[in-house]
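Bear in mind that the values in this text are calculations on the coordinates, not laboratory data. Here the structure is a predicted model, which is why all the values come from computation and not from measurement. Ideal geometry is used to build each Cβ from the backbone, glycine not excepted, and the neighbour counts take in all protein chains shown.
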Amino acid sequence: MTAPSGSTDIKPDVKKEESSSQQWAVQIATSVVEAIDEKKEDLSKGPTPEPYKGDHKDTRRFLFDLELYFKMNPSKCNTDKKKKMILLSLLKGKTTEWKMTEQE
């Protein structure tokens, strides 16, 4: 019978603590991924409404499209001022004169 030998080939399973540079890299990578995710959420959802040129026949369509755009883009349209600026940016043609008085 042979006696067990005292082999020193077995190494203990000791995990090294992450170095500060590894922790820093993980933190940076996490921040980048979070920023990209936020940017994706900020991208426009749905098409921008067609500009309103002052034809009363298009008023209902324009207002409906604008309301949909506001609801689909809550981060871009979360204040009345932002909504007003989007609305004014979409006024063309006959509405230009009224638009200029509203911006003052």
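Backbone amide hydrogens, once placed in the peptide plane, bring Leu91 within less than 5 Å of Tyr52, excluding anything fewer than 5 places away on its chain. Eigen-decomposition of the gyration tensor built on the alpha-carbon atoms of region 45-104 gives equivalent ellipsoid semi-axes of 19, 15, 8 angstrom, largest listed first.
Computed extension length for Val32-Glu97: 18.9 nm, one decimal, from 0.36 nm per residue of separation with the Cα-Cα distance subtracted. Highest average first, the peptides 68-76, 54-62 ordered by how many other beta carbon atoms sit within 10 Å of their residues are 68-76, 54-62. Candidates Ile86, Leu68, His56 compared by Cα position along the dipole of region 45-104: farthest toward the positive end lies Leu68, with charges placed on Cβ. Peptides 88-101, 23-36 ranked from most to least packed, by the mean per-residue count of other Cβ atoms within 10 Å: 88-101, 23-36. Lys53: net charge of surrounding residues, Cβ under 10 Å, Lys/Arg +1, Asp/Glu -1, itself excluded? Surrounding charge for Lys53 is -1.
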